[in-house]
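Okay, structure first, notes after.
The values are calculated or read from the model by the stated rules, or taken from the named source; none is laboratory data. These numbers were taken from a predicted model, which means no experiment stands behind them. FYI the Cβ positions are ideal-geometry reconstructions off the backbone, even for glycines, and counts take in every protein chain you see.
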Amino acid sequence: MKKKKLAKLICSFVSATLLCGSMSVFAEEASTIPGNPENVPENLEIDWMTRYHYEELEDQISEMAATYPELTELYSIGTSWQERDLWCLEITNEEIPAEEKTGIGVFGPIHGGEREAASSAMYFAWWTLLNSDTEYVQNILDNYIIYVIPSINPDGYEQSFVINTRQNLRPRDLNGDGIMFSDPYNDIDGDGYIAQLYSGTAEMTPSDAYNLPEGMKSFGTESSDWDGNGILGDDPRNSGIDMNRTFDYQWGRYDIETAGTDDQIGGITSTTITGAAMEPEVQAVQNFMQKHEMNALVVLHTGEQSVLYPWCYRAYDETEEKDADLPLMAEIAADMAQAATVTTGRDFYSMSSHEDYPTSAELIDYAFGKFNIHAYTIEVYCAGDGEYSWGNSDTLPEAKWVFYTQDELAEMGVDVENLTNADGDKLAEDEGLWFYTSSTNQMVDKVPEDQDIMVQGIKDAILVMIESEPCGNGYSLPDYMQE
Ligand SMILES: [Zn+2]
């Protein structure tokens, strides 16, 4: 297979470890990276501490395109199950022919609820356009075509204003009544959030949903029991599909010989509900990538603070020809993480995605495996102090536990007589329901602390990635894609 030529390494202002290439457009003494844009026109004012609905993102990106027609093309690359458009904003100096420029992808979240990742993609587009009169950004736009897709999963993004979900909204009939999504979650106690429900008495004092007091049983999720079967919330808007396990590369890979070892991939990492590239959103992204040449791609997530690179499905193997670029990408990822750390003052780490945790059929493996695109995951934000601190919730609200008696439940419209859980248990005479709302469920309409600073750090990491790619003519199709 014809190998893609290695990136000419370029001096980066935030990168100390990479060598300088002689072909660089970013000479060491070149203009510095501009900061937050000044004099923002009214139609482009965006509050980076606001959680915007998808429709609002659509308005904002249309305004960007309308304000900078000479630098942008805005088009839909496809639609979701619920007919929301997946928008792409192409940003470049259109006067320079495309074949003299290098393609770069900046893709927002594929996981619906990872919305600060969408804000990071939006900020990158906004910052680039509003600084397009600076020497630094002009250099970028003369040499690169940047494809910004704010969200790959707009249905999941929007559903996450109800309850945080990774998934898309492929219609599903979990309760088997022949009607899709016939028992969605809704807020019956009016506190603004969707709670998990547990049976118990008022005297119980639950503190931790993972260590329930003796005798407490799960009673589903807050809902009006729309389907009237007595089980609350048993057919929610929830497809069960993690689309980032369904790209057409190493799909459903499960090596039985490695089961139980660190190399095991399976179970939770793939899904039998759908197949490779069966979701319309995934098809849209794959079709787009087959038609648009790119040297580098970043896919934005959130939940950690890290920069990850392929493979997701296996460890680096120096004897594999396909792995030749991985050491370079490891260096670039480290520099990207360093850039984000400097700007945000929070720790970012870098490693291969497999080392972080093994999965298969992820978008970055598809991009690198099929097209040799240098593909990175940036995880934008972790609650708490950052590094490795999953579940550290210092900066999140306290989880809430509220008890309601059977009379109070009846007032909310619950048919207590017929109420049952999925196992057929009913409430005892002295029992009611505990409503548990986790910290993250209370963040549905809020941005995390420091989002305005985080989006700037992510922008700096993306710039390191762009500068690491050669300008113009940097891309070559893998053999099997050539005529
Ligand atoms: Zn994610």
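Quick check on Phe181: is it crowded, with 24+ Cβ neighbours inside 10 Å and either away from the ligand (no atom under 16 Å from the Cβ) or free of Cβ contacts under 8 Å to residues at least 12 places away in the same chain (or both)? No; evaluated as a whole, the condition is false for this residue. The residues on offer are Tyr136, Tyr123, and the sole one that is closer than 30 Å to Arg245 by Cα and either among the charged types (D, E, K, R) or more than 16 Å from the ligand (Cβ to nearest atom) (or both) is Tyr123.
Within segment 314-332, can one find any residue that is within 27 Å of Gln167 (Cα to Cα) and surrounded by 24 or more Cβ atoms within 10 Å (Cβ to Cβ)? The answer is no; no qualifying residue exists. For segment 419-474, the set of residues classified as basic (Lys, Arg) and part of a helix (DSSP H, G or I) consists of Lys459 only. Across segment 55-86, what is the total count of residues that are closer than 16 Å to Gln283 by Cβ and touching a Pro at 6+ places or on another chain (Cβ under 7 Å)? Qualifying residue count, segment 55-86: 6.
So that you can scan it fast, the table gives a plain yes or no per residue for (1) over 17 Å from the mean Cα position of the chain (by Cα); (2) surrounded by fewer than 24 Cβ atoms within 10 Å (Cβ to Cβ):
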{"site": "Thr79", "(1), (2)": "yes, yes"}
{"site": "Leu89", "(1), (2)": "yes, no"}
{"site": "Phe107", "(1), (2)": "no, no"}
{"site": "Ser120", "(1), (2)": "no, no"}
{"site": "Asn143", "(1), (2)": "yes, yes"}
{"site": "Pro154", "(1), (2)": "no, no"}
{"site": "Ser160", "(1), (2)": "no, no"}
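Tallying residues that are of a type in the set (D, E, K, R), under 23 Å from Glu100 (Cα atoms) and in contact with a helix residue (DSSP H, G or I) (Cβ under 9 Å, 6 or more places away or on another chain) within segment 279-299 yields 1.
Here's the yes/no breakdown for (1) within 30 Å of Asn143 (Cα to Cα); (2) surrounded by 21 or more Cβ atoms within 10 Å (Cβ to Cβ); (3) within 16 Å of the ligand (Cβ to nearest atom); (4) at pLDDT 90 or above:
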{"position": "Ser223", "(1), (2), (3), (4)": "no, yes, no, yes"}
{"position": "Ile231", "(1), (2), (3), (4)": "no, yes, no, yes"}
{"position": "Pro236", "(1), (2), (3), (4)": "no, yes, no, yes"}
{"position": "Phe247", "(1), (2), (3), (4)": "yes, yes, yes, yes"}
{"position": "Ile273", "(1), (2), (3), (4)": "no, no, no, no"}
{"position": "Met278", "(1), (2), (3), (4)": "no, no, no, yes"}
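For segment 76-117, taking the residues that are in a loop (DSSP other than H, G, I, E, B) and within 18 Å of Ile140 (Cβ to Cβ), the one that is nearest to the ligand (Cβ to nearest atom) is identified as Thr92. Of all the listed residues (Tyr210, Tyr198), the sole one being closer than 16 Å to Phe403 by Cβ and of a type in the set (Phe, Trp, Tyr) is Tyr198.
Filtering segment 364-380 to residues that are among the charged types (D, E, K, R) and within 16 Å of the ligand (Cβ to nearest atom) leaves Asp365, Glu379. Each residue in segment 288-311 was checked for being free of Cβ contacts under 8 Å to residues at least 60 places away in the same chain and within 16 Å of the ligand (Cβ to nearest atom), and 0 pass. Scanning segment 46-68 for residues that are within 25 Å of Thr92 (Cβ to Cβ) and among the acidic types (Asp, Glu) yields Glu58, Asp59, Glu63.
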